[in-house]
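This report concerns only the one structure given below.
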Amino acid sequence: MALIILAHPNFDASIASKTIIEELKNSNLNLEIRDIHALYPTYKIDIKAEQEALLRHQTIVFQSPFYWLNIPAILKLYFDEVFEYQFAYGSKGDKLKGKNFILSLTTGAQKEEYKITGKHHRTIYEFTKNIEQTAYYAQMNYIDPIYLHSMSTHGGPGQPPLSEDELKARAKEHTKNIVSLLATLQHQKAMSKESTVND
């Protein structure tokens, strides 16, 4: 069972994130999906409830758009408050130790824009190094993020706008990658348990 933390400030208007969540709901995986912006529209996060949700799962996927070369404000606040001292770090803060941490991002810009010679002069991997360190600091198993580029209806430099159907098709392919990764992690966990029992 995996936990999906959805952090999208304008989810109802989103094509990519809505499609991803719909596809995840229709998958055969046992998932818990928490839309933190819908749960906390005034940004008053129920820390205890979110910590309990994290404790219920071995794998956590953080699904969000990439805003201004960063994660949305509510997801930053989530890390600030939920990953608190003596829960996620500190002398007794090992509650998330060994859990899988997956960042899944959608961007409007094209992949070519996220490189040294591109418009943003950095890869998304570089922009998300602080998130990677957050996972390591909480002793979590940081798995390489999954990115979905070119998800804007406006197109990009030299690129025609994509239709809603094209965006949905791309989002569905992205979701297949998430589902495949989650299935692999669940299988590995099951094999690990079986190995422990047989030892």
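Brief remarks on what is shown
- Residue in region 179-187 that is at pLDDT 80 or above, in a loop (DSSP other than H, G, I, E, B) and either under 24 Å from Ile15 (Cα atoms) or among the acidic types (Asp, Glu) (or both) present: no
- Of everything listed in (1) modelled with pLDDT of 95 or more; (2) open to solvent by 40 Å² or more (accessible area, probe 1.4 Å), the single unmet condition for Ala135 is (2).
- Of the criteria (1) under 25 Å from Ile146 (Cα atoms); (2) over 14 Å from the mean Cα position of the chain (by Cα); (3) not hydrophobic (A, V, I, L, M, F, W, C), which one Glu32 fails: (2)
- Listed by position, the helices (runs of 4 or more DSSP H) contained in region 12-109 that have at least 1 residues being free of Cβ contacts under 8 Å to residues at least 12 places away in the same chain and either open to solvent by less than 60 Å² (accessible area, probe 1.4 Å) or of a type outside the set (A, V, I, L, M) (or both) are 16-25, 47-55, 73-82.
The values are calculated or read from the model by the stated rules, or taken from the named source; none is laboratory data. As the structure is a prediction and not an experimental result, all values here were calculated from the model. In this analysis, Cβ positions are derived from the backbone assuming ideal geometry, glycine residues included, and neighbour counts consider all displayed protein chains. Ligands, DNA and RNA are stripped out before the accessible areas are found, and what is left, the full protein with its side chains, is counted by its heavy atoms. Shrake-Rupley method; radii C 1.70, N 1.55, O 1.52, S 1.80 Å.
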